[in-house]
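Student: I'd like to ask some things about the structure below.
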Amino acid sequence: MGSTSPSGQSVDLAKLDPIYKKYEGMAKGSLIPVLQAAQDTYGYLPLKALDAIAKQLEIPISQIYGVVTFYAQFRLTPRGKHIIRSCQGTACHVRNSARILESLKSTLGVKPGDTTEDLKFTLETVACIGACSLAPVMMIDTDAHGRLRPDRIPKILESYSN
C-alpha cells in the first residue's frame, strides 16, 4: 500500500515488509534497528512509514516520534543528492565563512538544515572540516572546496547540478 509524503514523494509501505520480517519477534526492542532500516530504505523517515511502524510494533506514534527526534541520526525530511557542509570553525570564521554561508543560502534558497525543493542539495554547517589551511572551506559530498569567495559559490554549485 503506498501513499504520498509531505514532500510529494510516493511512500511504498510494502518496502517495510522485509524489515518487519527481519526483526520479527523482537517487538519493542527492535524499534531503533527498524527505524534505521526504514531510513536506509527511503533515505529519510516519512511520517506514513512511522505510522505503519507504530502499528506493526504496537508502539505509540508519540514514543516513536520521541525516539526519532532525540537521535541526530534520524531524518524526517529527504536529503539532497549532494550534501554541502559549510565550515564555521575558527580558521574559517576568521576568513569570513559567514559570507560564504550567506552566498550558499541565497544561491540555494535554503537555510542550514534544509534541502532544496528539487532535492539536489542539502545545506549543513559543521564546526570544523579539518582543512584549516584552505579556509574558508566547504565540502560537497567528498569534494573539498577551499579559499572560497562568495562570488565563486554559484559556479561551484552549477558544476553539481547535473
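Student: Right, Arg95: among the charged types (D, E, K, R), assigned by TED's automatic domain parsing to the domain that holds Cys132 and out of contact with any helix residue (DSSP H, G or I) (no Cβ under 9 Å at 6 or more places or on another chain) or not?
Tutor: Values: among the charged types (D, E, K, R): yes; assigned by TED's automatic domain parsing to the domain that holds Cys132: yes; out of contact with any helix residue (DSSP H, G or I) (no Cβ under 9 Å at 6 or more places or on another chain): yes.
Yes: the conditions hold for Arg95.
Student: Pairs under 8 Å by beta carbon, first residue hydroxyl-bearing (Ser, Thr, Tyr) in region 104-118, partner part of a helix (DSSP H, G or I), six or more apart or different chains?
Tutor: Thr107/Ile153; Thr107/Pro154; Thr107/Leu157; Thr116/Leu108
Student: Let me ask something else. Would you pick out the residues in region 70-88 that are among the small types (Gly, Ala, Ser) and in contact with a helix residue (DSSP H, G or I) (Cβ under 7 Å, 6 or more places away or on another chain)?
Tutor: Residues of region 70-88 among the small types (Gly, Ala, Ser): 72, 80, 86.
Result: Ser86, single match.
The values are calculated or read from the model by the stated rules, or taken from the named source; none is laboratory data. Values in this document were obtained by computation on a predicted structure and should not be read as measured data. Don't worry about glycine lacking a Cβ; one is built from the backbone with ideal geometry, like all the others, and counts go over all protein chains shown.
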